[in-house]
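Working notes for the structure below.
The values are calculated or read from the model by the stated rules, or taken from the named source; none is laboratory data. Here the structure is a predicted model, which means the values were calculated and not measured. Virtual Cβ from ideal backbone geometry, glycine too; neighbours counted across all protein chains shown. For the accessible areas, the whole protein counts, side chains as well, though only heavy atoms, and no ligand, DNA or RNA atoms are used. Shrake-Rupley method; radii C 1.70, N 1.55, O 1.52, S 1.80 Å.
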Amino acid sequence: QVQLVESGGGLVQAGDSLRLSCTASGRTFSRHAMGWFRQAPGKEREFVASMRWANGDTYYSDSVKGRFTVSRTVARNTVYLQMNSLKSEDTAVYYCAAQRVGATAYGVWGRGTQVTVSS
């Protein structure tokens, strides 16, 4: 079994920065990609960013391009989401997720960390 645990959320003002972390624990597994998603109250879960594990290529939603950056520390089984120039519309619960090699979708999810941006 593998668990993903997010951390680093909090309350900040518009224009500030936060760095979220997602650490995998338990039995290791081969992953195709790690992703970040967010969900605001009353809204559907939204894709934010992802990284292909094999080569480190990153992908971003249009709403966060130029502001958010995904990185990783492989030895620590950790991925990060650096969030800069935060806006009030970034307020949401942020989730990390893992897509296993051979899977067609993200199948392992963390429990989320709250990010609140005041303006």
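Given the criteria open to solvent by less than 40 Å² (accessible area, probe 1.4 Å), aromatic (Phe, Trp, Tyr) and under 17 Å from residue 18 (Cβ atoms), does residue 60 qualify?
Numbers: open to solvent by less than 40 Å² (accessible area, probe 1.4 Å): no; aromatic (Phe, Trp, Tyr): yes; under 17 Å from residue 18 (Cβ atoms): yes.
In short, no.
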Count of residues meeting criterion [within 20 Å of residue 40 (Cα to Cα) and open to solvent by less than 20 Å² (accessible area, probe 1.4 Å)] in the stretch 63-79 = 2
Given the conditions (1) out of contact with any Ser or Thr (no Cβ under 6 Å at 6 or more places or on another chain); (2) crowded, with 17+ Cβ neighbours inside 10 Å; (3) closer than 15 Å to residue 7 by Cα, report the number of the one that residue 94 does not fulfil.
-> (1)
Going through the stretch 18-41 in order, the residues found to be over 15 Å from residue 88 (Cβ atoms) and not in a strand (DSSP E or B) are 27, 28, 29, 30
Of those in the stretch 1-14 that are open to solvent by 50 Å² or more (accessible area, probe 1.4 Å) and part of a loop (DSSP other than H, G, I, E, B), the residue farthest from residue 119 (Cα to Cα) is 1
Which of (1) of a type in the set (A, V, I, L, M, F, W, C); (2) farther than 24 Å from residue 10 by Cβ; (3) out of contact with any His (no Cβ under 7 Å at 6 or more places or on another chain); (4) touching a residue at least 12 places away in the same chain (Cβ under 8 Å) does residue 105 not meet, given it meets every other one?
-> (4)
Filter the stretch 15-35 for residues that are under 11 Å from the mean Cα position of the chain (by Cα), of a type outside the set (S, T, N, Q) and open to solvent by less than 80 Å² (accessible area, probe 1.4 Å); the one that is nearest to residue 73 (Cα to Cα) is 22
Just one listed residue, out of 45, 38, is over 13 Å from residue 115 (Cβ atoms), surrounded by 14 or more Cβ atoms within 10 Å (Cβ to Cβ), at pLDDT 95 or above and of a type in the set (Lys, Arg), and it is 45
